[in-house]
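Chemist: Take this structure first; my questions come after.
The values are calculated or read from the model by the stated rules, or taken from the named source; none is laboratory data. The structure presented is a predicted model; accordingly, all values stated were derived computationally and were not measured. Neighbour counts run over all protein chains shown; Cβ positions are idealised from the backbone, glycine included. What goes into the accessible areas is simple: the full protein's heavy atoms, side chains included, and nothing from ligands, DNA or RNA. Shrake-Rupley method; radii C 1.70, N 1.55, O 1.52, S 1.80 Å.
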Amino acid sequence: MTTESIKTGELLTSDGDASNSSPGVGALTQEEKGRATKQRRWEQRMEKKRMAEEQAHILEEAKRKQDEMFMRKALGEARKAACTGDVPIGCVLVRRGKIIARGYNRRNADKNVLSHAEVSAIRKACKKLGDWRLEDCVLYVTLEPCPMCAGAIVQARIPRVVMGCANPKAGCAGSVLDLLHQPGFNHQTETEMGILGEECSLLMKEFFQDLRRAKDADKG
């Protein structure tokens with residue numbers, strides 16, 4: 001090693017070539033490497049979060065489409081009630097993606113206060129399954145349940161209820177009372193309100209408008 005090479009800070013390799021001891025051009029320091037690693041990990045976390053949110057959105061949309069499909073079936077039952085002169089309320093009970101029971105309001109037709117859509121569908125479902133527990137079923141109804149029907153839902157252990165429109169005068173899923181979420185009961189129900197709400201509400205309004213027109217015509 002010559003005095004000149006020592007002064008220039010160079011070392012001779014085994015081949016006699018000079019090698020600079022300082023970092024090469026473009027090499028990252030440890031601090032820069034650390035920042036780059038943190039940035040990469042943050043980007044990976046953000047991508048995972050974005051994908052999870054996207055998947056959750058897809059599942060939510062699929063769930064809503066299914067809810068709307070079954071609510072349309074309940075609306076079909078409600079129209080049957082209107083044809084008999086009863087308030088148009090319809091209901092279907094779904095198990096594993098298939099309708100197992102249907103019901104519509106027949107209180108006036110049957111002259112029976114128990115002939116509500118939900119009670120009728122629950123009775124049919126229990127008979128079909130051979131069990132009073134409907135723990136793996138979803139109930140779709142066009143109008144928020146009354147006290148009697150809400151009680152029947154709790155008693156049947158139905159885990160989820162999907163409703164079309166609220167019932168401000170007798171609803172017991174939050175409008176007047178909330179029997180489906182009472183902490184003192186041994187069963188609480190998951191609820192979803194507003195599925196095809198406008199259609200369900202319009203059906204009720206049209207029914208009562210027709211009823212008033214018919215009464216006015218009789219008076220005239």
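Chemist: For residues that are more than 19 Å from the chain's Cα centre (by Cα) and in a loop (DSSP other than H, G, I, E, B), tally how many sit in segment 135-157.
Modeler: 2
Chemist: Just checking, how many residues over segment 188-204 are closer than 17 Å to Cys149 by Cβ and either hydroxyl-bearing (Ser, Thr, Tyr) or at pLDDT below 95 (or both)?
Modeler: Residues that pass the stated criteria total 2.
Chemist: Let me ask something additional. Kindly indicate the residue of segment 172-212 that is touching a strand residue (DSSP E or B) at 6+ places or on another chain (Cβ under 9 Å) and of a type in the set (S, T, N, Q) and also surrounded by the fewest Cβ atoms within 10 Å (Cβ to Cβ) among those meeting that condition.
Modeler: Looking at residues that are touching a strand residue (DSSP E or B) at 6+ places or on another chain (Cβ under 9 Å) and of a type in the set (S, T, N, Q), I get Ser201.
Chemist: Return the total of residues in segment 42-59 being open to solvent by 100 Å² or more (accessible area, probe 1.4 Å) and under 30 Å from Val94 (Cα atoms).
Modeler: 3
Chemist: In addition: In the list Ala52, Ala27, which residue meets the criterion of being out of contact with any helix residue (DSSP H, G or I) (no Cβ under 6 Å at 6 or more places or on another chain), over 20 Å from Met163 (Cα atoms) and assigned to a loop (DSSP other than H, G, I, E, B)?
Modeler: Answer to the check: Ala27.
Chemist: Then there is this: Give me the residue from segment 118-165 that is open to solvent by 20 Å² or more (accessible area, probe 1.4 Å) and among the β-branched types (Val, Ile, Thr) and, out of that set, farthest from Arg102 (Cα to Cα).
Modeler: Among residues in segment 118-165 that are open to solvent by 20 Å² or more (accessible area, probe 1.4 Å) and among the β-branched types (Val, Ile, Thr), the one farthest from Arg102 (Cα to Cα) is Val138.
Chemist: How many residues does segment 67-104 hold that are over 22 Å from Pro159 (Cα atoms) and either open to solvent by 40 Å² or more (accessible area, probe 1.4 Å) or over 24 Å from the mean Cα position of the chain (by Cα) (or both)?
Modeler: 10
Chemist: Does segment 55-98 hold any residues that are polar (S, T, N, Q) and part of a helix (DSSP H, G or I), and which are they?
Modeler: If the condition is that a residue be polar (S, T, N, Q) and part of a helix (DSSP H, G or I), then Gln55, Gln66 are the ones that fit.
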